[in-house]
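Presented below is the structure to which this report refers.
No lab work stands behind these numbers, since they all come straight from the coordinates. These numbers were taken from a predicted model, which means no experiment stands behind them. Every residue, glycine among them, receives a Cβ derived from its backbone with ideal geometry; neighbour counts consider all protein chains shown.
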Amino acid sequence: MRVLSQSELLRLSRTELSVLLRKIAGELPGLAEGSIELRNAHANLQNIRRALAQPRPGPAPW
């Protein structure tokens, strides 16, 4: 698993980010402790949470 960048993640919708978060979180138990895959998965989860916390432009208020 490679680490996804913030710019990649910000191109995804909130729904897509949520699905990706659940998918990666579900894979955690199958990853070997101390492995690069586990570290990358944790980095991805952190990056996804940051992307979800970013304010997103919405429809115009008028």
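A few notes on this one:
- About the Cα centre, charge dipole magnitude for the chain (Lys/Arg +1, Asp/Glu -1 at Cβ), debye: 240 debye
- In the chain, helices alone account for a calculated mean residue ellipticity at 222 nm of -18500 deg cm²/dmol, with every DSSP H run of four or more residues adding -39,500 (n - 2.57).
- Anisotropy class of the chain from Cα gyration tensor, a/c 1.5 cut: prolate
- Summing charges over neighbours of PRO57, with a neighbour being any other residue whose Cβ is under 15 Å away from its Cβ, gives +3 when K and R count +1 and D and E count -1.
- Applying a DSSP loop filter and a limit of 13 other Cβ atoms within 10 Å to the trypsin sites (Lys or Arg not before Pro) in the chain leaves ARG2, ARG11.
- With the charge dipole of the range 1-43 set up from +1 on Lys and Arg Cβ and -1 on Asp and Glu Cβ about the Cα centre, the Cα lying farthest toward the positive end among the listed residues LEU10, LEU20, LEU38 is that of LEU10.
- The local environment of ASN47, defined by Cβ-Cβ distances under 12 Å, has a net charge of +2 under the rule Lys, Arg +1 and Asp, Glu -1.
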